[in-house]
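One structure is given here, and the rest of the page talks about it.
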Amino acid sequence: MNEITTLLTCMHPLLDINTYRHLLIISQALLMMTGRITMLGISRWTEKGCSYRTIQRFFSKNISWCSLTWAIAKTFLKKSSIILIAGDATTVTKSGKKTFGLGRFFSSIYSRAVPGIAFQTLSLLDVEKRTSWPILIEQMLPKPKSKKPVTTKSKKEKRGRGRPKGSKNKNNHNVVLNAEMTQVQTMLQKLLKLIGETLQPVYFVYDGEFGNNAAVQMTRQVGLDLISKLRNNSALYFKWDGVYSGKGRLPVYGDKVDYKNLPAAHLKSEETKKQILTRIYQMNVIHKKFTDALNVVIIEKKNVKTGKIATVILFSTDLELDWKNIIDYYRLRFQIEFNFRDAKQHWGLEDFMVIKEHSVVNSANLSMWMVNVSQAMLVTSGEKSILDLKARHHGLRYAQEIFKILPENTKPINIVQLFEKIPVLGRIHGKKKAA
């Protein structure tokens, strides 16, 4: 298992000797094992020195996972390449009543709120290599149940027309962030401090949940530009560019954007594929609920046969960003979904059965840690999938066990040939022969 030992050598300064040794053994076990990934399941595949009780103690420790994941990711991220910060939340379904942070969270898989626990994740996206490296993962706590006070119905006083006396203009730059945005902002500050001068990300990419003014101001406060998505019926306006009459306040809003008759002057691309006509428009517009102007890309898809039209509106707070980059960066955000998929399918994010706070956090972080470890190993080994990687290590473990039971007076065995053939069992892609 020299491969993973070499990869994790950089962890020595970040962990004490025992924690490093246990992390190394558990990581090796996760690469070998099959079935559900629980603490008991891991203990059945670990070598000497990592019993079930030892694994329980490991999961109850305070471990700086962000430093560990960054130590691996930074060796594969170049300062010269374009790096984005992507964020998203994932929900893990759970039954019972005692798991820390248990509540009802929205799941895109079930398209509804389900009982479980949720985690907020930030990852670094390499635009050139099209890969996502999850760095920070924190648990999201459910909203506390508030008891509604019993109040008697009273007649509301009708207010007259016009603005109430004494009311002041609101400063939309000073927004009140909800619990989720406050958590994301804290995580962004922590991530930017962690990477320091090594990388200089400029854009933060999130899904349509952050398509509002509060998210824009939150992102601006940490020194980043936001790329996100608006509702397809958002009320957008062009800036007023008429002739001032000289009376009253200077107008701000011009014509409203009509999605059925978008100006041809803003058309950037048009193509037809499989009877779907796609038009892409780009324009700088303003929204009454946003403080700042937005760089908007409108993607209009029309079915030539039926005439039905679907509209997608992406935006960036960087008014100079090209429309191709806005679309590309927002599409690249989906790489974080592949991280969630791998963590759930291969590294136990859906399997762990712990209930205490430290154990829950460590289990989720271990799953995302293995996503980074496996990605790094795929780069160095040249294998095409995690299944191939796990099949090889699974075979190596069986080969090691075979050698332990062989008698001492056994005839000479070609060890190199044995270790080449046994790990191939169960792979999806065959191993390429060396040239």
Need the failing condition index for THR311 against (1) touching a helix residue (DSSP H, G or I) at 6+ places or on another chain (Cβ under 9 Å); (2) open to solvent by 10 Å² or more (accessible area, probe 1.4 Å); (3) of a type in the set (Val, Ile, Thr); (4) not in a helix (DSSP H, G or I), just the number.
(1)
Consider THR317 carefully, then state whether it is hydroxyl-bearing (Ser, Thr, Tyr) and either more than 30 Å from GLN217 (Cβ to Cβ) or open to solvent by 30 Å² or more (accessible area, probe 1.4 Å) (or both).
no
Would you pick out the residues in region 265-279 that are among the basic types (Lys, Arg), more than 24 Å from PHE238 (Cβ to Cβ) and either part of a strand (DSSP E or B) or open to solvent by less than 90 Å² (accessible area, probe 1.4 Å) (or both)?
LYS273
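How many residues does region 214-235 contain that are open to solvent by 20 Å² or more (accessible area, probe 1.4 Å) and assigned to a helix (DSSP H, G or I)? Lay out the reasoning, then the answer.
So in region 214-235, the residues open to solvent by 20 Å² or more (accessible area, probe 1.4 Å) come out as 214, 220-223, 225, 229, 231-233, 235.
Of the ones still in play, those that are also assigned to a helix (DSSP H, G or I) are 214, 220-221.
Residues that pass the stated criteria total 3.
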Quick check: anything in region 74-97 of a type outside the set (S, T, N, Q), without any contact (Cβ under 8 Å) to a residue 24 or more places away in the chain and open to solvent by less than 50 Å² (accessible area, probe 1.4 Å)?
yes
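GLN282 - would you say it is surrounded by 10 or more Cβ atoms within 10 Å (Cβ to Cβ) and on the phi > 0 side of the Ramachandran plot? Please lay out each step first, then the result.
Values: surrounded by 10 or more Cβ atoms within 10 Å (Cβ to Cβ): yes; on the phi > 0 side of the Ramachandran plot: no.
Answer is no for this residue.
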Can you list residue pairs whose Cβ atoms sit under 6 Å apart, with the first residue in region 365-385 being on the phi < 0 side of the Ramachandran plot and the second being charged (D, E, K, R)? Count only pairs 6 or more apart in sequence or on different chains.
VAL371/ASP342
If THR75 meets every condition in (1) part of a loop (DSSP other than H, G, I, E, B); (2) more than 16 Å from ASN372 (Cα to Cα) apart from one, which number is that one?
(2)
Give LEU124, LEU191 a once-over and let me know the one that is in contact with a helix residue (DSSP H, G or I) (Cβ under 7 Å, 6 or more places away or on another chain), touching a residue at least 24 places away in the same chain (Cβ under 8 Å) and on the phi < 0 side of the Ramachandran plot.
LEU124
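Of the residues that make up region 389-401, is at least one among the aliphatic types (A, V, I, L, M), assigned to a helix (DSSP H, G or I), within 30 Å of ILE83 (Cα to Cα) and touching a residue at least 40 places away in the same chain (Cβ under 8 Å)? Before the answer, list the steps.
So in region 389-401, the residues among the aliphatic types (A, V, I, L, M) come out as 389, 391, 396, 399.
From what's left, assigned to a helix (DSSP H, G or I): 389, 391, 396, 399.
Within this subset, residues satisfying the condition of being within 30 Å of ILE83 (Cα to Cα) are 389.
After this cut, where a residue has to be touching a residue at least 40 places away in the same chain (Cβ under 8 Å) as well, the list is 389.
Among the residues of region 389-401, at least one is among the aliphatic types (A, V, I, L, M), assigned to a helix (DSSP H, G or I), within 30 Å of ILE83 (Cα to Cα) and touching a residue at least 40 places away in the same chain (Cβ under 8 Å), which makes the answer yes.
Assess whether HIS12 counts as being out of contact with any Asp or Glu (no Cβ under 6 Å at 6 or more places or on another chain) and free of Cβ contacts under 8 Å to residues at least 24 places away in the same chain.
Working: out of contact with any Asp or Glu (no Cβ under 6 Å at 6 or more places or on another chain): yes; free of Cβ contacts under 8 Å to residues at least 24 places away in the same chain: yes.
When the stated conditions are applied, HIS12 passes them.
Go through region 192-204 and count every residue that is open to solvent by less than 20 Å² (accessible area, probe 1.4 Å), outside any helix (DSSP H, G or I) and farther than 17 Å from LEU319 by Cβ.
We begin by selecting, within region 192-204, every residue open to solvent by less than 20 Å² (accessible area, probe 1.4 Å); these are 195, 199, 201, 204.
This time we only want the ones that are outside any helix (DSSP H, G or I), so: 199, 201, 204.
Those still in the list that are farther than 17 Å from LEU319 by Cβ too: 199, 201.
Matching residues across region 192-204 total 2.
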Test ARG231 against the criterion of being closer than 21 Å to THR311 by Cβ and within 29 Å of the chain's Cα centre (by Cα), and give yes or no.
yes
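The values are calculated or read from the model by the stated rules, or taken from the named source; none is laboratory data. Worth saying up front: this structure is predicted, and the values here are computed from it rather than measured. Here the Cβ is made from the backbone with ideal geometry for all residues, glycine too, and neighbour counts use every protein chain on show. SASA here: full protein model, heavy atoms, side chains in, ligands and nucleic acids out. Shrake-Rupley method; radii C 1.70, N 1.55, O 1.52, S 1.80 Å.
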